[in-house]
Amino acid sequence: MVSEVFAGLSAFKTMLDTAKGLKDINDASGRNAVAIELQEHILTAQAAQMALVERVRELEEEVAGFEAWETEKQRYKLTKCAYSSALVYLLKKSEANGEPGHALCTNCYERRTKSILQWNGEVIISSHFWVCPSCGAKVSTHGEDLPEFADA
């Protein structure tokens, strides 16, 4: 992005130098050639400016996404399941706003993705298995369901 700024400034300097040279040209064909060159520099500078404006828009969208995720992630608490070493992000009861309690995959959470763990119906020796629909991670809870909500 810095190189684009310098390229734009360079184009403007070149245009200024070309415009200064116009006053010293007496014949029409020479002025026309310089005017065409000046138009080319103007078009180059405009293209550089449009690229910078687009990049700024992209960065603003990215920042807005980060800010939205920061707000969303405050609604969850990293919680260790009671009878296993499984870690999940549980919705805080105070943040539910009418939503049912649920747990998020820790892998996806760290990648700024909200993926709700789903029980796949599998029970092996009293262990329930919860699966992330996004990344396929499995969480095993020994003889227990996932807690509905996290303590605030």
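Brief remarks on what is shown
- Of residues in the stretch 55-90 being out of contact with any strand residue (DSSP E or B) (no Cβ under 6 Å at 6 or more places or on another chain) and among the hydrophobic types (A, V, I, L, M, F, W, C), the one modelled with the lowest pLDDT: A82
- Counting the residues of the stretch 115-142 that are part of a loop (DSSP other than H, G, I, E, B) and either under 24 Å from E95 (Cβ atoms) or outside the structural domain of G98 (by TED's automatic domain parsing) (or both) gives 7.
The values are calculated or read from the model by the stated rules, or taken from the named source; none is laboratory data. Keep in mind the model is a prediction, meaning the values are calculated, not measured. No Cβ is skipped: glycine too gets one built from the backbone with ideal geometry, and neighbour counts run over all protein chains shown.
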